[in-house]
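Report on the structure given below.
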Amino acid sequence: MISINFPKLVSQKEFQTLLTQLETDMGTNIYIEDVAGKPLIGVNHGLNSQKYPIKVEEEIIGWAIADQKTASIAALVSYLAQQQYAKKAVTKELLEKYEEIDLFQDLSTQVTASLDVQEIAQLVIEEAKNLIQSTSGAILLLNENTNWLRIIWEYGQIETWAQPLILGQGIVGTILQAGQGEILNNISVDPRFNHLSPQVSSLICVPLTSKSKMIGAIVMCHETPITYSTKDWKLLSILALQAAGAIERAILYEQSCIAAKVAQEQAQQLQRTLFELQQTQTKLIQSEKMSSLGNLVAEVAHDINNPINYVSGNLSHIQEYTHEIINLLQLYQQHYSPPVDEIQGILESLDWEFVIEDLNKILSSMHLGVGRMRQLALSLRNFSRLDQLEMKPVDIHEGIDSTLLILQGRLKPREKNLGIQIIKEYGNIPLIAGYANQLNQVFMNLIVNAIDALEEAMISCQWPAVTDKTKRDFYIRISTELVSTNLLKIQINDNGPGIPESLKERLFEPFFTTKPTGKGTGLGLSISHQIIEKHGGILRCLSQPGEGTTFSIEIPVKQNK
């Protein structure tokens with residue numbers, strides 16, 4: 001180049017070629033020096049020479065020294081230098097624009113790929129740190145309701161300038177209140193802020209604007225005074241433009257996610273509420289049902305108990321009187337034999353020996369029948385247990401036996417029912433703490449379901465796969481076992497057709513039933529499940545198609561207080 005003081009626009013070789021041609025054409029020597037008098041081109045012969053200025057942008061950058069002809073040469077050189085300067089300036093401006101566009105596109109690719117406010121803020125502020133000299137900085141987000149400016153990403157010692165971060169207060173808040181950013185290259189001499197005694201000397205603040213609305217700001221600071229330029233402002237403005245749009249999109253996405261989550265939680269809460277209402281309705285229906293049934297059973301037990309006692313109390317007298325009458329008749333037969341013809345005819349037609357034998361059998365059957373009626377009344381009373389409002393010791397075997405006695409009519413052969421065998425495998429178990437009527441209700445539901453399944457198998461001729469088909473035995477096995485010091489297991493197993501997996505998953509749902517309309521409400525198993533849970537236990541269904549069904553109850557012997 002011509003000189004370090006001469007703009008780096010035209011090379012020395014180009015000048016020398018041009019000036020050599022001019023010297024030849026004009027017949028004169030040309031000498032050029034810089035503003036300090038340092039020779040640049042040619043030799044100063046010291047003849048009658050004059051100095052003619054060489055200018056670029058009205059600034060003298062050198063001198064052409066020669067005779068009067070050199071004035072036009074100086075003008076020509078100034079023109080050439082000006083052209084080169086303008087060309088370089090345009091090139092430099094285009095390069096800066098290209099760099100800005102390249103920065104814009106590169107950052108745009110990164111921030112638009114993210115929907116996280118923190119990540120976007122970090123990307124933008126890290127890029128700003130690389131491009132603009134600073135010791136601290138932050139991206140702030142404006143809360144329109146409170147006018148607070150919240151820091152979403154920062155670096156350096158923000159606390160030295162960040163308080164208070166309210167629109168209209170503090171350095172940043174005061175700058176942003178006008179809706180415009182600002183460059184402060186020496187805060188200490190600014191009358192607006194010298195009373196705040198900031199720990200930073202230079203600051204550049206650019207607002208984040210989206211859709212003509214300010215949503216925050218980018219702030220960069222330096223501890224010592226430096227000169228932030230227009231270029232710094234442009235670069236930070238580009239970053240702010242990208243950050244504003246991306247942050248707003250991320251905030252909208254975050255709000256939509258929150259709204260979706262709230263809606264989902266509300267839907268789940270509504271679902272839980274509906275389920276609880278359904279459960280409550282189920283409990284109320286079943287409670288009312290069992291209460292009505294219990295009242296009916298209690299009334300029936302009470303009503304039949306009096307005639308049973310009356311019959312039972314007089315039956316022994318009847319049997320005694322009958323025996324006395326028979327003895328008397330036998331004495332007459334022994335001492336007044338043969339009897340008159342009329343009595344003899346009656347004796348022959350009466351079959352006296354058979355009457356005496358059959359009468360004794362009838363009296364014994366009546367005793368047995370009254371005993372069974374008394375036992376049934378006792379079972380009905382035990383089953384209802386309406387007076388039990390708190391947990392008491394419960395005899396599980398008594399509850400099961402009472403239930404079986406009530407259901408004995410369904411176990412005997414009738415119509416298409418071939419008869420169902422009851423197999424009891426009772427273990428040595430203690431009394432457990434519970435509600436007897438509720439547990440009896442569970443036994444009733446489970447045994448009735450087993451009977452229904454077996455009757456259905458009989459109707460559809462699905463004979464048990466685990467027994468001899470020639471016998472065609474259908475059974476319900478009931479077992480009890482103490483599996484630990486405080487855990488009782490009760491199993492009710494049938495050898496019916498079993499339950500498909502798809503139905504087994506829904507067995508304990510309220511109102512779910514596979515029975516025909518009018519034969520099942522879908523409440524029995526659901527209520528049973530709730531009762532066992534209320535007792536701190538577990539009710540499970542174990543079943544495979546073709547292998548029968550087992551309902552397993554695990555219930556604590558003593559309740560945890």
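The numbers here are math on the coordinates, done by the rules we state, and not lab data. Every value quoted in this text rests on a predicted model; they were computed, and no experiment measured them. With ideal geometry, Cβ positions are generated from the backbone for all residues, glycine too; neighbour counts draw on all protein chains shown.
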Exercise. How do 166-174, 314-322, 213-221 rank on mean C-beta neighbours within 10 Å, highest first?
Worked result: 213-221, 166-174, 314-322
Exercise. For I226, which sequence-distant residues (separation of 5 or more, or a different chain) have an amide H within less than 5 Å of its own amide H, given hydrogens modelled in the peptide plane?
Worked result: S202
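Can you bin segment 114-257 into rounded, prolate or oblate? Criterion: square roots of the alpha carbon gyration tensor eigenvalues sorted a ≥ b ≥ c, rounded for a/c under 1.5, prolate for a/b above b/c, oblate for the rest. Please list the in-between numbers first.
Details: a/c = 1.85, a/b = 1.45, b/c = 1.28.
Prolate.
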For this session: Could you pull out every residue, at least 5 positions away or on a different chain, whose amide H is within less than 5 Å of the one on K55? Hs are placed 1.01 Å off N in the peptide plane, and Pro or chain starts have none.
Result: I61, S78
Problem set entry | For I166, residues with placed amide H under 5 Å, excluding near neighbours | L149, G173
Exercise. Got a sec to turn the phi values of segment 475-484 into Karplus ³J(HN,Hα) couplings, 6.51 cos²θ - 1.76 cosθ + 1.60 with θ = phi - 60°, whole Hz, x for Gly and Pro?
Worked result: 9, 10, 9, 10, 10, 10, 7, 8, 8, 7
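With Cβ to Cβ distances under 15 Å as the rule, what net charge do the other residues near L142 carry (K, R +1; D, E -1)? Walk me through the numbers before you get to the answer.
On the way: positive: R150, K211, K213; negative: E144, E248.
Its environment carries a net charge of +1.
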Exercise. What does the charge add up to near L539, with Lys and Arg as +1, Asp and Glu as -1, over the other residues with Cβ less than 14 Å from its Cβ?
Worked result: +1
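Counting other C-beta atoms within 10 Å, which of C257, C461 has the fewest, and how do the rest follow?
C461, C257
Ranked highest first by average number of other Cβ atoms within 10 Å, how do 434-442, 526-534, 183-191 line up?
Details: 434-442: 23.2, 526-534: 19.8, 183-191: 14.8.
In decreasing order of mean packing, 434-442, 526-534, 183-191 become 434-442, 526-534, 183-191.
Per 0.36 nm of contour for each residue apart, how much would the distance between E509 and N145 grow if the chain were fully extended, relative to their Cα-Cα spacing? Let's see the in-between values first.
Numbers: separation 364, 0.36 × 364 = 131.04 nm, distance 4.87 nm.
Fully extending the segment from E509 to N145 adds 126.2 nm.
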